[in-house]
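What follows is a set of notes on a single structure, which appears directly below.
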Amino acid sequence: MWRAFYIGNFFRHNLTLEQLMTYSYVTGEHRPVEVLIFEMSPLVVEQFLQVDHDIWTMREAFKEGLEVIPFLSKEVWLDDSKPGQVTIVFVWDSLEQWKIVADESFQAQLQSEFDALFPHPITLVSAPHEESEYGIHRVSRFERAGHLSSRVTQ
């Protein structure tokens with residue numbers, strides 16, 4: 001029944017079968033999710049984003065000894081109604097992979113490097129994954145294939 005409903009909606013919205021085939025639906029996942037919400041001066045957000053990418057994203061992605069990047073994705077969200085607030089969301093491949101990167105000495109090293117490049121005050125407002133004892137996880141996703149923006153940088 002639900003398939004007929006969805007197929008009917010695709011045709012009602014003038015979507016072609018080819019357009020429909022560009023989407024995928026994945027269910028049955030149990031991927032750990034890390035959510036970090038920071039606040040800082042709106043004047044330093046762009047600098048924060050660059051340093052965060054250079055230090056946290058790239059160094060965690062290519063930590064020595066790992067055979068693969070330990071997270072499936074990292075997204076950074078800004079809320080125009082809350083200038084200076086930055087939300088970072090990681091979807092980790094597994095809790096085991098996350099724990100390798102969470103090594104205290106490695107994290108302390110990255111924090112030191114980050115602080116040297118970003119000397120501005122920053123507050124960690126919330127880390128819901130810690131509040132839930134790492135219980136937040138992704139169970140499904142519906143997404144368009146090849147949806148990456150043309151503005152991809154390294």
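Only the coordinates and a few stated rules stand behind these numbers; no lab work does. Quantities reported herein were computed from a predicted structural model and do not represent experimental measurements. Glycine gets a Cβ as well: all are built from the backbone with ideal geometry, and neighbour counts include every protein chain shown.
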With 10 angstrom as the radius, rank 72, 117, 43 by how many other C-beta atoms surround their C-beta, starting from the fewest. 43, 117, 72
Whole angstrom only: what separates the Cα centroid of the range 57-88 from the Cα centroid of the range 102-135? 12
List the GluC sites (Glu not before Pro) within the range 32-82 that DSSP assigns to loop and that have no more than 11 neighbouring Cβ atoms inside 10 Å. 64, 67
Scoring only Lys, Arg, Asp and Glu (+1, +1, -1, -1) among other residues with Cβ under 13 Å from the Cβ of residue 70 yields -2
Alpha-carbon gyration tensor eigenvalues x 5, square-rooted, for the range 29-138, Å: 23, 18, 12
